[in-house]
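These notes concern the structure reproduced below.
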């Protein structure tokens with residue numbers, strides 16, 4: 001899409017196409033802004049600029065405080081500046097920035113969508129639930145899929161604001177993957193309640209249909225900030241159970257426990273610790289799929305780091321090895337590894353809060 005800037009048209013430049021030392025004049029969504037102070041006491045504004053291809057940091061040095069007051073997060077902004085690489089990451093030194101009216105932008109430029117069609121994923125999920133043998137749980141799954149309004153939101157919702165599956169359709173993609181995982185795990189550990197796990201997988205993040213809003217950017221709703229997706233998910237489950245007669249009380253209790261405990265630990269947002277084998281399985285399946293999606297995105301970001309290694313990833317407290325390029329026989333020296341990180345080994349499974 002093009003927008004008129006003065007007497008000339010400006011084509012949309014996507015984040016993924018920005019190269020170092022490039023003049024940038026394009027529209028982005030302002031996802032976040034922070035007024036900071038440099039070591040010399042100078043105030044500057046840090047911006048998180050996003051579109052459907054990714055995000056990039058913007059820095060405003062001139063009239064930082066004044067600029068911060070006129071910019072609203074969640075809105076579109078027109079940015080003029082120059083790109084540069086700083087600590088292995090691309091950023092824009094902003095020379096000019098101004099709000100853009102909603103009528104002048106194309107919303108499809110700003111919200112990324114998942115790679116797999118929603119109908120394909122939903123059909124996969126239906127096939128998994130078709131194998132449920134427990135009558136009450138099969139009835140609950142059918143009752144859920146019959147809610148057309150909920151299913152439309154479920155197909156469109158993201159799974160997170162900025163971490164794993166943070167795009168339209170991400171929630172359905174993540175849910176389908178977790179359902180596949182718990183189904184396969186149940187085949188190996190035959191004492192697990194497979195039917196309960198599959199329904200729990202479907203409901204575990206269902207509250208995210210109400211936790212997020214997604215028009216120009218993904219952000220938390222008021223209910224999302226005040227309650228969170230686990231509480232919202234239990235509410236959705238209770239609404240569905242209210243429409244069923246004589247649903248077993250124990251199954252209802254165990255499903256709620258699966259929702260409330262699937263983050264595994266209170267420091268990562270779990271309302272309760274996992275207290276059943278099924279709760280442990282759901283937690284690790286959820287965590288595995290979330291981390292694999294995040295790692296895939298990190299590995300594919302060719303603008304960060306070099307060919308063999310990614311840039312340092314603070315969320316995981318490490319670099320990641322992409323593999324040696326064909327023209328190299330051994331890895332180059334990193335050079336930029338922080339001194340305090342050398343020789344440190346940290347657990348992948350204990351780092352970072354999940355969305």
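The values are calculated or read from the model by the stated rules, or taken from the named source; none is laboratory data. As the structure is a prediction and not an experimental result, all values here were calculated from the model. Virtual Cβ from ideal backbone geometry, glycine too; neighbours counted across all protein chains shown.
For the stretch 97-116, the candidate set comprises residues that are surrounded by 13 or more Cβ atoms within 10 Å (Cβ to Cβ) and closer than 22 Å to residue 174 by Cβ; within that set, the residue that is modelled with the highest pLDDT is 116. Contact map, the stretch 25-40: residues that are in the same structural domain as residue 92 (by TED's automatic domain parsing) and free of Cβ contacts under 8 Å to residues at least 40 places away in the same chain paired with residues that are surrounded by fewer than 23 Cβ atoms within 10 Å (Cβ to Cβ) and not in a strand (DSSP E or B), Cβ distance under 6 Å, separation 6+ or inter-chain. Pairs shown: 35/68. Scanning the stretch 222-246 for residues that are in contact with a helix residue (DSSP H, G or I) (Cβ under 6 Å, 6 or more places away or on another chain) and without any contact (Cβ under 8 Å) to a residue 60 or more places away in the chain returns 223, 224, 229, 230, 232, 233, 234, 237. Taking (1) at pLDDT below 95; (2) surrounded by fewer than 16 Cβ atoms within 10 Å (Cβ to Cβ); (3) not in a loop (DSSP other than H, G, I, E, B) in turn, residue 294 satisfies each apart from (2).
Applying the selection to the stretch 82-91, what residues are part of a strand (DSSP E or B) and in contact (Cβ under 8 Å) with a residue 40 or more places away in the chain?
If the condition is that a residue be part of a strand (DSSP E or B) and in contact (Cβ under 8 Å) with a residue 40 or more places away in the chain, then 82, 83, 84, 85, 89, 90 are the ones that fit.
Taken together, 258, 288 contain a single residue that is surrounded by fewer than 18 Cβ atoms within 10 Å (Cβ to Cβ), part of a helix (DSSP H, G or I) and touching a residue at least 24 places away in the same chain (Cβ under 8 Å), which is 288. The set of residues in the stretch 101-132 that are assigned to a loop (DSSP other than H, G, I, E, B) and either over 17 Å from residue 49 (Cβ atoms) or under 23 Å from the mean Cα position of the chain (by Cα) (or both) comprises 101, 106, 110, 111, 112, 114, 115, 116, 117, 130, 131, 132.
Residues checked against (1) farther than 23 Å from residue 313 by Cα; (2) outside the structural domain of residue 164 (by TED's automatic domain parsing); (3) in a strand (DSSP E or B):
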| site | (1), (2), (3) |
| --- | --- |
| 44 | yes, yes, yes |
| 48 | no, yes, yes |
| 55 | no, yes, yes |
| 58 | no, yes, yes |
| 68 | yes, yes, no |
| 74 | yes, yes, no |
| 80 | yes, yes, yes |
| 93 | no, yes, yes |
| 98 | yes, yes, yes |
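Kindly evaluate residue 184 against the criterion of being modelled with pLDDT under 95 and either outside any helix (DSSP H, G or I) or surrounded by fewer than 19 Cβ atoms within 10 Å (Cβ to Cβ) (or both). No: the conditions fail for residue 184.
If you check 213, 209 for being free of Cβ contacts under 8 Å to residues at least 60 places away in the same chain and assigned to a helix (DSSP H, G or I), only one passes: 209. Residues in the stretch 125-152 that are surrounded by fewer than 17 Cβ atoms within 10 Å (Cβ to Cβ) and either closer than 24 Å to residue 212 by Cα or touching a strand residue (DSSP E or B) at 6+ places or on another chain (Cβ under 6 Å) (or both): 143, 145, 146, 147, 148, 149, 151, 152.
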